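J.: Sharing a structure here in structure tokens format.
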Amino acid sequence: MKVWFKYLAFFGIGLLVFLTLLSVAKNPELIIEGEWNELAWEYEKVDKKDSVHNEYEGISNYVKETIGQDLVIHKAEKWQFLPNGILLLKGEDYTKEVNWCMKGRGNILEIKYDDNSVEHYNLTELSDDKLILNFDTDTHTRGIARLTFEKIN
């Protein structure tokens, strides 16, 4: 009888700790809500020996356009995540409204456009004031781009 009691007590304490940790953990959908300012584009595999375009300090507009030619949002400067699954992409002279949701274990950001195209971003880091998204371009010979954001409000 003592052995069963020990097993049940151990299992009960483990379950209690697990449920406590779940209740304390922050929901990524709530953390991501708000307005984010794009700080930087970083790119892992940029050809630095390009004789025509010699402007690879950080990431140039040429590289940004090349790796993001099939992306709609690569020119947005501010992203505003609204609680109802709406994402406002704000550039210098435009605002675009798309849908967003979290997938997987809260580590995949899915963005859906009006023309039914979908983009998936890996959520590398998410804190109260910093957001880092990674995505693979269609041409894997170019590598992975990383977008870094800072929360405005």
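J.: Restrict the check to region 2-12 and report whether at least one residue is surrounded by 10 or more Cβ atoms within 10 Å (Cβ to Cβ), of a type outside the set (D, E, K, R) and modelled with pLDDT under 85.
T.: no
J.: What number of residues within region 84-116 satisfy the criterion of being touching a Ser or Thr at 6+ places or on another chain (Cβ under 9 Å) and open to solvent by 20 Å² or more (accessible area, probe 1.4 Å)?
T.: Final tally of qualifying residues: 2.
The values are calculated or read from the model by the stated rules, or taken from the named source; none is laboratory data. Model, not experiment: these values are computed from the prediction. All Cβ positions, glycine included, derive from the backbone under ideal geometry; neighbour counts span all protein chains shown. Side chains included, ligands, DNA and RNA excluded: accessible areas come from the protein's heavy atoms. Shrake-Rupley method; radii C 1.70, N 1.55, O 1.52, S 1.80 Å.
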